[in-house]
1. Near His38, within a Cβ-to-Cβ distance under 12 Å, what is the net charge of the other residues, with Lys and Arg +1 and Asp and Glu -1?
2. Which of the trypsin sites (Lys or Arg not before Pro) across the stretch 142-210 are loop residues per DSSP, with 14 or fewer other Cβ within 10 Å?
3. Which of the trypsin sites (Lys or Arg not before Pro) found in the stretch 1-90 are loop residues per DSSP with 15 or fewer other Cβ atoms within 10 Å of their Cβ?
4. Rounded to whole Å, give me the distance from the Cα center of the stretch 1-17 to that of the stretch 120-189.
5. In sequence order, what are the phi-derived ³J(HN,Hα) couplings for the stretch 216-225 according to the Karplus relation 6.51 cos²θ - 1.76 cosθ + 1.60 with θ = phi - 60°, rounded to whole Hz, with x for glycine and proline?
6. How much length, in nm to one decimal, is gained on full extension between Glu181 and Gln257, taken as 0.36 nm per residue of separation minus their Cα-Cα distance?
7. Would you mind calculating the gained length between Glu305 and Ala327 on full extension (0.36 nm times residue separation, minus the Cα-Cα distance), in nm to one decimal?
8. Let me know the Kirkwood hydrodynamic radius for the stretch 74-124, please, with Cα pairs as the basis and the value in Å to one decimal.
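What follows draws every value from the coordinates through simple rules; no lab data is involved. The model shown is predicted, which means the values in this text are computed figures rather than measured ones. Don't worry about glycine lacking a Cβ; one is built from the backbone with ideal geometry, like all the others, and counts go over all protein chains shown.
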Amino acid sequence: MNWNAFTPDGNFTIEAKSDGSLSGLTASVKDLFDIAGHPTGAGNPQWLSSHSVPDEHAEIVKQMLEAGVKVIGKTITEELAYSLVGENIHYGTPVNPHNHERIPGGSSSGAAVSAAAGLCDFALCADTAGSVRLPASFCGVWGLRPSHGVLSSRGVVPLAPSFDTAGWVSQSPDVMLQVGEALLPADKFNLNTKQLTLALPEDLWARARPEFANILNPICQKISSLFSATDSASLSNNELFDWQNEFRIVQGYEAWQSHGDWVNLAQPNFGPGIKERFQWASTINQSDATDAKKNMLINAQKIYEYLNSSVICMPTVSYLAPRKGEASSEQDRTNALCLLSLSSMSGVPQITMPLATIDGKALGLSLMSQRYSDKQLLKMSQNIWQILN
């Protein structure tokens, strides 16, 4: 089966530099991360042709190789990572192994597909506004967005630096934890689940399709045994739309600051949605971005305070993977960003777990915990898998 997960020049291998805690594992690398001697294309042929081939690895790729990982190639990303769909007009759409008729999600489309198809043990991705979590959910694999700043961004094509982070996906919760133990620094926040509430915020769940609750509620009840109590208190006081809109403005402003000069110079042939997104980003002025960021940081503080006494549990995405070539509705996209932007704007870790399906389509359930509790969150998700199986 041709999964179309890898870039046209992305089929190569790099052996591990030494034995380490990840020896024996293979990984694909999203085509935003520099790999010495191989071009970084960022999903766009004009970016590929206008940038020199890197002569050193991205810092996290170097970490992986030193820990014993064998890199098996570079995977397709949507152009400059500025989309959640997973359909690249230049390189095609990677095939969703969970359901071949459905999109894989983006921007880490090839990465999620390579892991879901069993082509590698895990895939290195990047997440700004959901680019790890959404494709992981659509492809039926585990996916982690770590706390912002705990992993190096050196040698990675940026989108919006205030939110960009590396992450990874895998079929296995054990591998997810193994990689986290090797790559992540020590946690700074202690998660004692027996003193924490499992929060199911009503405003978050209201953004998902109604049928999701019927499927996920029994799973949440089993998970609740790990916690002191459950609660459904609102996180945002029903202001999620405003929260995601402020995030979107800051993200767009930073995306234009990162790439506006190149876009104006190269006049790249962007695909649908990405072209319009960059055009809109170019119109955001600094004053509006500053105001939006001020409000966004206030909202982030509310998330921190909520997570001081709880772990949030919610659907990863508000809708199921659409058929290839069929765009999701504007309301679906807004609802999805309402959920996905929470950990992005606050910098807290979030893991999506492939615990359910609806009519043959994968449905991820997420946990979100206090910032700098990443390893414990991974361990918690592994415990949940054991409880459910």
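1. Net of charged neighbours comes to -4.
2. Values: sites: Arg154, Lys188, Lys194, Arg207; in loops: Arg154, Lys188, Arg207.
Listed in order of number, the matching sites are Arg154, Lys188.
3. Taking the stretch 1-90 and a limit of 15 other Cβ atoms within 10 Å, the loop trypsin sites (Lys or Arg not before Pro) found are Lys17.
4. So the two Cα centres are separated by 19 Å.
5. 8, 4, x, 5, 4, 4, 5, 5, 4, 5
6. Result: 23.9 nm gained on full extension.
7. Full extension from Glu305 to Ala327 adds 4.3 nm.
8. In the stretch 74-124 this quantity evaluates to 10.6 Å.
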